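The values are calculated or read from the model by the stated rules, or taken from the named source; none is laboratory data. This structure is a prediction, so every number in the text was calculated from the model and none was measured. Backbone-built Cβ (ideal geometry, glycine too); neighbour counts: all protein chains shown. For the accessible areas, the whole protein counts, side chains as well, though only heavy atoms, and no ligand, DNA or RNA atoms are used. Shrake-Rupley method; radii C 1.70, N 1.55, O 1.52, S 1.80 Å.
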Amino acid sequence: MEALGSVGCEHYKRKSKFVTPCCNKIYTCRFCHDENESHCVNRKDVTELVCTNCDTRQKVQAECENCSLRFGKYTCLECKLFDDEEKNQYHCDGCGICRIGGRDKFFHCETCNMCLPIKLKNRHRCVENVSRSNCPVCLEDIHTSRIPCHIPECGHLLHRTCFEELLQAGHYACPTCQTSLLDMSQLWKYLDNEIEMTPMPPEYKDFKAEILCKDCHEESIVKFHVVGLKCINCGSYNTCRIKGSPKPDISAQQDGQSAAGSSSHSSSGGSPGAGNEDPCPSSQ
């Protein structure tokens, strides 16, 4: 039997309600429960439900034992999930939960322990159990979240909405490892031009700084500039100073002094006897 129309809540369209095992109350879904109670429910612990058509309380099953109503077009008895909306749902045994988007478009990575788009198969950086950690921005769960996640090249997941908020706020580095979240090459070119157009004062032009690049993770010694410190390995300005403050380049200073000394010696040594023509005044 199929009832006319669909009922449910803002989270799911379904024709049943759960009897929550934790507080013995009736809610349409786990999100409705969690939003109204001070504790969370594990939907896999649910053993009873109520038919919205005939109000019969019964064990969890696909159809009502009294009126034969099917509780959802998509049914997963392992997850206790019923949904009347078409979302290309499928159950992933590896994740242990139902996913949306179509089984043919995703694969389960055993190392990351989560479903990833097919296009990333053998082309992503594995981070062990990466989805079992919380989003580093909002600190909410990622693995069971209904919010799509963003997968940067470093492999540390964050909610897509949180990723977009980071960009809008001007933050372009992964909150977990500080690697650049985007291709920043155009910004690096802009900074190259800014440095070229903004020379440092003479007293600082030979200063060097020891840096760590957050993109290639290499250390190097580079010319100090207030606009930015460019990694000599990968060209990134996503760097930080290490081992103290910038210091003068001793070798450059010595080279400068040597050049000045050579110039002075040449001018005083000149040709034989030249120094006797205009002797410097002697001290009294």
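Tabulated results
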{"read-out": "Built amide H within the under 5 Å cut-off of F106, gap 5+", "value": "I118"}
{"read-out": "Semi-axis lengths, Å, region 52-117, gyration tensor of Cα atoms, sqrt of 5 times eigenvalues", "value": "30, 12, 6"}
{"read-out": "Solvent-accessible ranking of E85, E128, largest area first, probe 1.4 Å", "value": "E128, E85"}
{"read-out": "Cα coordinate range in region 133-177, projected on the principal axes (Å, largest first)", "value": "28, 19, 15"}
{"read-out": "Degrees, to the nearest 10: 185-197 long Cα axis against longest axis of the chain", "value": "20"}
{"read-out": "Region 90-130, accessible surface, carbon-and-sulfur percent (1.4 angstrom probe)", "value": "48"}
{"read-out": "Relative contact order for the chain, counting Cα pairs under 8 Å that sit 6 or more residues apart, in percent", "value": "7"}
{"read-out": "Helix-only mean residue ellipticity at 222 nm for the chain, each DSSP H run of n ≥ 4 adding -39500 (n - 2.57), per residue, nearest 500", "value": "-5500 deg cm²/dmol"}
{"read-out": "Cα gyration tensor shape of region 1-155, rounded if a/c is under 1.5, else prolate or oblate by comparing a/b with b/c", "value": "prolate"}
{"read-out": "Which of I97, S131, S236, positive extreme of dipole for the chain (C-beta unit charges)", "value": "I97"}
{"read-out": "Ellipsoid equivalent to region 184-248 - semi-axes via the Cα gyration tensor, in Å", "value": "18, 16, 7"}
{"read-out": "5 angstrom amide H check on K13, placed H, neighbours 5+ away", "value": "D84, E85"}
{"read-out": "Accessible-area ranking of R14, R99, R125, R160, largest first, probe 1.4 Å", "value": "R125, R160, R99, R14"}
{"read-out": "Neighbour-limited loop hits for GluC sites (Glu not before Pro), region 14-50 (at most 15 other Cβ within 10 Å; DSSP other than H, G, I, E, B)", "value": "E37"}
{"read-out": "Centre separation in Å (Cα based) which lies between region 1-60 and region 68-136", "value": "21"}
{"read-out": "Backbone HN-Hα couplings from phi across region 114-128 [Karplus 6.51/-1.76/1.60, Hz, Gly and Pro as x]", "value": "7, 7, 10, x, 3, 5, 9, 5, 6, 9, 10, 8, 6, 10, 4"}
{"read-out": "Total charge dipole magnitude, the chain, about the Cα centre, Cβ charges on Lys, Arg, Asp, Glu only, Debye to nearest 20", "value": "1160"}
{"read-out": "Listed values (1) 59; (2) 44; (3) 64, entry calculated as percent of Cα pairs over 26 Å apart", "value": "(3)"}
